[in-house]
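Student: My structure is below; once you've seen it, I'll send some questions.
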Amino acid sequence: MEITINNKPVTTAATTLSGLAAEMALPAKGIAIAINNKMIPRTEWEVTDISEGTHLVMIKAACGG
Amino acid sequence: MNAQMERYERQVMLDEIGEEGQCLLQKARVLIVGVGGLGSPIAIYLAGAGVGTIGLMDDDTVSLTNLHRQVLYTEKEVGQPKVFHARERLLSMNSSINVQAYNERLTKKNAQDRVADYDFVVDGTDNFATRYLISDTCAAMGKPYIYGAICGLEGQVGVLCAGSATYRTLHPDEEDTLGMPHPGRQVVGVTPAIVGSVQASQVLQLICHYGEPLIDQLWTIDLRTMQSFIIKLSEHV
């Protein structure tokens with residue numbers, strides 16, 4: 001199925017956020033994900049479904065100033 | 001219009017500010033924690049706008065590697081404490097404001113005392129730990145925290161501790177966050193210029209009550225693509 005990540009089309013077999021994180025080999029820390037512009041806490045990734053056309057935003061933790 | 005107001009003529013012309021907004025700016029007290037890459041544009045634009053009391057907090061000295069982005073400083077100040085020169089620089093631009101310089105870090109010991117004297121706290125820090133401290137202090141004392149952070153060519157800004165979201169909403173697991181490897185010091189000068197200016201803009205919005213400040217929201221910018229998002233951090237926005 002096709003979803004978008006930061007406005008770019010991505011094909012995935014994952015059906016949950018945690019599945020997607022595993023498929024993309026995302027680091028265990030320092031990445032935040034929003035669906036439809038709403039932040040999804042990491043503790044909810046396992047129970048958050050993704051489906052065809054889901055708009056996802058990935059944000060890297062930043063600490064510089 | 002008297003001479004003091006004349007300097008603000010161009011912003012007072014805005015419906016969003018006007019003379020009423022200018023008075024609010026004059027009465028406002030803003031603490032800037034960290035006067036480096038982010039803190040430089042934040043301090044310059046808030047001083048220029050006429051924020052009546054500005055606090056500057058930093059225990060660092062100016063280094064040559066700061067100069068490509070920390071626009072408050074010049075080669076003459078290399079090796080010297082940042083806050084005193086930052087104060088001088090701001091007062092040379094606008095002598096009608098009050099600028100306090102604290103040549104120290106924000107710590108658990110001094111945080112409450114420092115924040116108590118201000119209405120808003122703006123983030124110019126360069127580490128996760130101080131951000132947790134600012135957020136916890138602001139949340140406990142009911143002071144809005146204008147968060148900003150940069151990494152390379154990316155940046156983010158949000159208004160925390162003003163609705164329901166705090167820094168802990170963004171980074172719930174403190175131990176995990178503090179345990180992350182340091183992302184490195186690579187950065188171009190324009191990243192903090194843009195992000196710090198957005199933070200200063202949020203402060204102006206909050207003081208003068210115009211537009212829709214980023215309360216409980218996170219604005220992100222990627223300067224490779226100019227892609228930008230606004231993410232909701234709570235159910236209430």
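What follows is calculated from the coordinates using simple rules that are stated; it is not laboratory data. Remember, predicted model here, so these are calculated numbers, not experimental data. All Cβ positions, even for glycine, are placed from backbone atoms using ideal geometry, and neighbour counts span all protein chains on display.
Student: Considering Cα pairs under 8 angstrom that are at least six residues apart, work out the relative contact order of region B:13-232 and quote it in whole percent.
Tutor: Worked out over region B:13-232, it gives 23 percent.
Student: If you don't mind, another one. Give me B:Val188, B:Val203 ranked fewest to most by other Cβ atoms within 10 Å of their Cβ, as a rough exposure proxy.
Tutor: B:Val188, B:Val203
Student: Could I ask something else about it? What is the distance in Å between the Cα centres of region A:15-54 and region B:160-176?
Tutor: A separation of 18 Å, based on Cα centres.
Student: Looking at the protein assembly as shown, what % of its DSSP beta bridges pair antiparallel, to the nearest 5?
Tutor: 60 percent
Student: What Kirkwood hydrodynamic radius do you get for region B:120-169 when you take the inverse of the mean 1/r over all pairs of distinct Cα atoms, in Å?
Tutor: In region B:120-169 this quantity evaluates to 10.8 Å.
Student: Here is a further query. Once you've got the GNM for chain B with C-alpha springs shorter than 10 Å, pick whichever of B:Ser197, B:Ser135, B:Ser95 has the biggest mean-square fluctuation.
Tutor: B:Ser95
Student: May I ask you to evaluate 6.51 cos²θ - 1.76 cosθ + 1.60, the Karplus curve with θ = phi - 60°, for each residue of region B:31-37 and list the ³J(HN,Hα) values in order in whole Hz, giving x for glycine and proline?
Tutor: Per residue, the Karplus-derived 3J(HN,Hα) values read 9, 10, 9, x, 10, x, x Hz.
Student: Using only the Cα atoms, what convex hull volume per residue in Å³ does the protein assembly as shown have?
Tutor: Spread over its residues, the Cα hull of the protein assembly as shown gives 133 Å³ apiece.
Student: Using a simple spin-label model with points 7 Å from Cα along the Cα→Cβ vector, what separation in nm is obtained for A:Ala28 and B:Thr74?
Tutor: Between A:Ala28 and B:Thr74, the simple spin-label model gives 5.1 nm.
Student: Using a cut-off of 12 Å between beta-carbons, work out the net charge of the residues near B:Gln186 (Lys and Arg +1, Asp and Glu -1, B:Gln186 not included).
Tutor: Residues near B:Gln186 contribute +1 overall.
Student: With no solvent and one equal point scatterer placed on each C-alpha of chain A, evaluate the Debye formula and give log10 I(q)/I(0) for q = 0.14, 0.25, 0.30 Å⁻¹, two decimals.
Tutor: Summing over Cα pairs of chain A leads to -0.37, -1.17, -1.65.
Student: Calculate the length of the line joining the C-alpha centroid of region B:46-110 to that of region B:125-152, in whole Å.
Tutor: Result: 18 Å between the Cα centres.
Student: Counting Lys +1, Arg +1, Asp -1, Glu -1, what net charge surrounds B:Gly148 among other residues with beta carbon under 13 Å of its beta carbon?
Tutor: Neighbour charge sum, excluding B:Gly148 itself: -2.
Student: Can you check what the net charge comes to around A:Glu2, using other residues whose Cβ is under 11 Å from the Cβ of A:Glu2 (Lys, Arg +1; Asp, Glu -1)?
Tutor: Neighbourhood net charge equals 0.
Student: So, one more: Once the convex hull of the alpha carbons of region B:13-232 is built, what does its volume come to per residue, in cubic angstrom?
Tutor: Expressed per residue, the convex hull around the Cα atoms of region B:13-232 is 124 Å³.
Student: Right, another one. Could you list B:Val51, A:Val10, B:Val71 in order of exposure, starting from the residue whose Cβ has the fewest other Cβ atoms within 10 Å?
Tutor: A:Val10, B:Val71, B:Val51
Student: For the pairs A:Lys8/A:Lys29; A:Lys60/B:Lys109; B:Lys108/B:Lys143; A:Lys29/A:Lys60; A:Lys8/A:Lys60, note any where the Cα-Cα span goes beyond 20 Å.
Tutor: Those over the limit are A:Lys8/A:Lys29; A:Lys60/B:Lys109.
Student: I need to check one value: relative contact order of region A:2-60, counting alpha carbon pairs closer than 8 Å and at least 6 residues apart, in percent.
Tutor: 48 percent
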